[in-house]
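Encoded as C-alpha cells, the structure appears first; notes follow it.
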Amino acid sequence: MQDLALAYIQTDLAWEQPEANRDHLEELIGAISPGQDLIVLPETFTTGFPVDPASFAEDVGGPSMDWMAAMAARTKAVITGSILLKADKGFQNTLVWMQADGQFQTYAKRHVFRMGGEHELIQPGDTLLSVELKGWKIRPLICYDLRFPVWSKNTFKNDEFGYDLLIFVANWPAVRSYPWNQLLIARAIENMTYVLGVNRIGSDINGIAYDGYSQLISPKGLILSQAVAKKEAVVESVLSKADLVNLRTKFNVGPDWDSFDLLMSKS
C-alpha cells in the first residue's frame, strides 16, 4: 500500500442534460493536477436525481461509460460516480468504477430512497463491491446507503481489514446536511477507515436544494479536507498509508468487532 492521491468534484448538475453535465465535468477534470490515482464524481452525475430511468438509463458501454473511459485514459486515474443503467428487470442506480485501461466494475445502489420515490423506479442491488487501487482496499457506496451501518460495516479477518477507504457518492439534500456530516464521521470512526463523501450543489427542478459539504474524513473522525458549502469545487487530497497503519496498530478495535451474517431484506 502506498499513499493514495485523489480528487473529488462538487458541482451543480443540469437537470436531465447528460451531455451538458459530461461537458462541464470534463472541464473540471481538466483542471485537476496530474498524478491523481482516483477522481470521484457525485451520484447520478449525468442527470440529477431522481429522473425517469426509462428516458435516461443507458446500456452498459453507452455514452456516459464511454466518456468515463476516455476521462480515465486521459488522466491515467480511476474515475468513479453513479449513472442510471438498464438492468435485467428494469433500471439501477449504478456506480461505475472505470480504470484507465478501460476495464470497469459496477455497484448497484442497495438502499433506494423510498421517501423520494426511487424505489418505484429503480431496482435495488444486492451485492457489495470491493476494489483495489495501489494496495488500498476500497468500498464504494451510494447516498442513502450512508444511513445503514450494517451494509457499510468493515470486517477484520485473518489480521486484515476488509477495506481502507469507504466512499459515498450522493445527491444529499441541504435540509438533511446535519445527518450527512455526522454520519460520515461516524462511519469513519466505527470502521477505522478513511471516508469520502461527494455530494452535489445547486437545486433541481423540484426545488430541492443541495449544499454539498463534500469531505474527506480520517479514521479518527477528523475532517482532512472539505469543499465550501454551496460552492463548486475540485478538492485534491492525499490519503496517508502511514497514518492509517499507525492508528490500526496502536488502537485496533477490529478483533473485538461483532461477527454476523447479513440477510437481505425484501424491498
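Nothing in this text is a laboratory measurement; each read-out follows from the coordinates by a stated rule. Because the structure is predicted, anything quoted here is derived from the model rather than measured. A quick note on method: Cβ atoms are made from the backbone with ideal geometry, for glycine too, and the neighbour counts reach across all protein chains shown.
Observations
- Whole-number D in µm²/s for the stretch 9-133 (Stokes-Einstein; Kirkwood sum over Cα pairs; 37 °C, 0.692 mPa s): 223 µm²/s
- Peptide packing: for 10-19, 25-34, 212-221, the average count of neighbouring Cβ atoms within 10 Å per residue gives the ranking 212-221, 10-19, 25-34, highest mean first.
- Set of lysines with alpha-carbon distance to residue 241 below 29 Å, sequence-local pairs under 8 removed: 76, 109, 134, 137, 153, 157, 220, 250
- In degrees, nearest ten, helix 177-191 long axis to first principal axis of the chain (Cα): 40 degrees
- Tilt relative to the chain, helix 241-250 - C-alpha long axis, 0 to 90 degrees, to 10: 50 degrees
- Protection proxy ranking of 242-253, 142-153, by the mean of other Cβ atoms within 10 Å over each peptide's residues and highest first, is 142-153, 242-253.
- Across the stretch 109-188, the relative contact order, built from alpha-carbon pairs under 8 Å that are at least six residues apart, equals 26 percent.
- The mean sequence distance of close C-alpha pairs (under 8 Å, at least 6 residues apart), as a share of the length of the stretch 71-226, puts its relative contact order at 14 percent.
- In percent, rounded to a whole number, the relative contact order of the chain is 20, using alpha-carbon pairs under 8 Å and six or more apart.
- Pair residue 223, residue 158: separation of 7 Å Cα→Cβ label points (nm): 3.9 nm
- Comparing 96, 40, 131 in a Gaussian network model of the chain where C-alpha atoms under 10 Å apart are linked, the largest mean-square fluctuation is found at 131.
- The modelled label-to-label distance for the pair residue 243/residue 87, using points 7 Å beyond Cα in the direction of Cβ, is 3.6 nm.
- Inter-part distance where the stretch 192-225 and the stretch 1-61 are each reduced to a Cα centre, Å: 15 Å
- Helix 63-75 axis versus longest C-alpha principal axis of the chain: approximately 50°, rounded to the nearest ten.
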